[in-house]
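Q: Next up is a structure, given as structure tokens.
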Amino acid sequence: GAVVSQHPSWVICKSGTSVKIECRSLDFQATTMFWYRQFPKQSLMLMATSNEGSKATYEQGVEKDKFLINHASLTLSTLTVTSAHPEDSSFYICRPDYGQDTQYFGPGTRLTVL
Amino acid sequence: AQSVTQLGSHVSVSEGALVLLRCNYSSSVPPYLFWYVQYPNQGLQLLLKYTTGATLVKGINGFEAEFKKSETSFHLTKPSAHMSDAAEYFCAVSVRGGNTPLVFGKGTRLSVIA
């Protein structure tokens with residue numbers, strides 16, 4: 001299967017700081033990247049969809065100015081949580097879309113905001 | 001729009017017993033259906049998927065699921081539970097073609113009792 005990496009795997013930061021999460025598609029190029037968020041003991045919720053070279057589309061209720069997504073290349077997408085607060089603590093997971101019928105996810109990044 | 005309902009947020013079985021995790025979906029177009037497993041503090045691992053063809057799908061670790069269009073169901077089964085099967089299981093749906101996000105059910109936590 002395709003290899004998708006995320007970095008960092010776990011990050012702890014102070015309230016008010018910004019955190020950047022990288023998602024790399026190592027085997028295939030991905031024109032589209034999905035970002036999900038998973039709160040403890042809950043399911044995955046789609047946050048946004050990004051296409052390489054264009055602005056991301058955010059789901060209802062997700063602040064685009066707080067969760068900055070950059071999809072500058074076909075193998076790298078980044079999610080920056082700006083001015084993080086404890087309620088942003090969550091598990092963030094990316095999923096590149098390869099236009100096939102199989103869905104590969106990144107291993108996830110656990111963000112803890114103190 | 002697609003949606004997924006997983007009946008039972010928590011299922012408990014004895015080791016060696018049948019595992020049955022229920023999933024019903026809603027989709028206005030022919031769906032792709034997936035089951036994922038998530039172990040604590042880890043990402044998602046694909047168990048199996050249905051796209052087209054045979055409605056009984058076999059996956060990893062002895063799991064299988066049957067797509068029943070008339071019942072809009074995609075229940076996950078395993079004949080004999082193992083302690084290592086204890087995890088969170090997510091059913092998900094998408095539609096044919098790329099650039100489509102997965103929609104997840106709320107998840108079912110499987111406990112296996114020795």
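Q: Whose amide H sits under 5 Å from the amide H of residue B:106, counting only residues 5 or more places off or on another chain, with H placed in the peptide plane?
A: Result for residue B:106 returns B:6.
Q: With a 1.4 Å probe, what is the total accessible area buried between chains A and B, in Å² rounded to the nearest 100?
A: Buried: approximately 1600 Å² between B and A.
Q: A further question on this structure: Please identify which residues in the stretch B:51-91 have an amide N closer than 19 Å to a label point set 7 Å out from the Cα of residue B:15, following the Cα→Cβ vector.
A: Residues passing the 19 Å test: B:61-63, B:78-88.
Q: To the nearest 20 debye, what is the magnitude of the charge dipole of chain B about its Cα centre, counting +1 on the Cβ of each Lys and Arg and -1 on the Cβ of each Asp and Glu?
A: It works out to roughly 260 debye.
Q: Ignore the peptide's own chain and count Cβ atoms of other chains within 10 Å of each Cβ in B:102-108; give me the average, rounded.
A: If you average over the peptide's residues, the count of other-chain Cβ atoms is 4.
Q: Residue B:61 to residue A:3: FRET efficiency via 1/(1 + (r/R0)^6), r the Cβ-Cβ distance, R0 22 Å, to the nearest 0.05?
A: Rounded to the nearest 0.05, the efficiency is 0.60.
Q: How long are the three semi-axes of the equivalent ellipsoid of chain B, in whole Å, if each is the root of 5 times an eigenvalue of the C-alpha gyration tensor, listed from largest down?
A: After scaling each eigenvalue by five and taking roots: 23, 14, 12 Å.
Q: Going toward the positive end of the dipole of chain A, with +1 on Lys and Arg Cβ and -1 on Asp and Glu Cβ, which of A:78, A:12, A:43 do you reach last?
A: A:12
Q: Each label point is 7 Å from the Cα along the Cα-to-Cβ direction; what then is the distance between the points at residue A:82 and residue A:112, in nm?
A: 2.7 nm
Q: Mind checking the mean number of beta-carbon atoms from other chains within 10 Å of the Cβ atoms in A:43-55?
A: 3
Q: Okay, moving on. How many Cβ atoms of partner chains, on average, are near each residue of B:25-36 if near means within 10 Å of its Cβ?
A: The per-residue average across the peptide is 1.
Q: Could you tell me the relative contact order of chain A? Use alpha-carbon pairs under 8 Å, at least six residues apart, and round to a whole percent.
A: With pairs under 8 Å counted, the relative contact order is 37 percent.
Q: If I model chain A as equal point scatterers sitting on the Cα atoms and use the Debye formula, what is log10 I(q)/I(0) at q = 0.17, 0.18 Å⁻¹?
A: -0.75, -0.84
Q: Considering only protein heavy atoms and a 1.4 Å probe, what is the carbon-and-sulfur percentage of the accessible area of the stretch A:2-114?
A: 52 percent
Q: In whole angstrom, and with the biggest value first, how far do the Cα coordinates of the protein assembly as shown range along each principal axis?
A: 49, 38, 31
Q: Considering the options B:1, B:95, B:32, tell which one lies farthest towards the positive end of the dipole of the protein assembly as shown, charges being +1 on Lys and Arg and -1 on Asp and Glu at the Cβ, about the Cα centre.
A: It is B:1.
Q: If each of residue A:17 and residue B:26 carries a label point 7 Å out from its Cα toward its Cβ, how far apart are those two points in nm?
A: It is 4.3 nm.
Q: While we're here: Restricting to the protein assembly as shown, what percent of DSSP beta bridges are antiparallel, rounded to 5?
A: 90 percent
Q: Follow-up. Residue-wise, which Karplus ³J(HN,Hα) couplings in Hz belong to the stretch A:33-48, taking 6.51 cos²θ - 1.76 cosθ + 1.60, θ = phi - 60°, and x for glycine or proline?
A: 10, 9, 10, 10, 10, 10, 7, x, 6, 10, 8, 7, 10, 5, 9, 7
The values are calculated or read from the model by the stated rules, or taken from the named source; none is laboratory data. As the structure is a computational prediction, the values presented were derived from the model and not from experiment. Glycine also receives a Cβ, built like all others from the backbone with ideal geometry; neighbour counts cover every protein chain displayed. These accessible areas exclude ligands, DNA and RNA; they are computed on the full protein's heavy atoms, side chains included. Shrake-Rupley method; radii C 1.70, N 1.55, O 1.52, S 1.80 Å.
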